[in-house]
1. Which of (1) of a type in the set (A, V, I, L, M); (2) open to solvent by 20 Å² or more (accessible area, probe 1.4 Å); (3) under 14 Å from the mean Cα position of the chain (by Cα) does residue 18 not meet, given it meets every other one?
2. Which number in (1) at pLDDT below 90; (2) surrounded by 11 or more Cβ atoms within 10 Å (Cβ to Cβ) marks the one condition that residue 93 misses?
3. I'm trying to understand the selection: among the residues of region 28-55, which are surrounded by 17 or more Cβ atoms within 10 Å (Cβ to Cβ), closer than 18 Å to residue 79 by Cα and of a type in the set (S, T, N, Q)?
Amino acid sequence: GAWDMIRAYKDMREANYIGADKYFHARGNYDAAQRGPGGAWAAKVLSDARELWQSDVSGRGAEDTRADQEANAWGRSGGDPNRYRPPGLPSKY
């Protein structure tokens, strides 16, 4: 599951596409959770750690953290990550 999260993060950085953040959050969590309970656990731990760091260190704010966590939970619960896919994001992602 951790590798799924890393791959989604790398893809997000590579795409560098405005508005795609939540899509990559949902996709990483979805892919990890598809591996079973261990993958879902890894996705939750990594997502929570990232959001804690992001809200405390980067100063991006509580609303952004809440929205990220919503996308994380959606993906982990088996929700289609494309719910958060922005128009125009290249199909390779």
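1. So the condition that residue 18 fails would be (3).
2. Every condition holds for residue 93 apart from (1).
3. Answer for region 28-55, where residues must be surrounded by 17 or more Cβ atoms within 10 Å (Cβ to Cβ), closer than 18 Å to residue 79 by Cα and of a type in the set (S, T, N, Q): 29, 47.
The values are calculated or read from the model by the stated rules, or taken from the named source; none is laboratory data. These figures come from a predicted structure and were not determined experimentally. Note: ideal-geometry Cβ built from the backbone for every residue, glycine included; neighbour counts use all protein chains shown. What goes into the accessible areas is simple: the full protein's heavy atoms, side chains included, and nothing from ligands, DNA or RNA. Shrake-Rupley method; radii C 1.70, N 1.55, O 1.52, S 1.80 Å.
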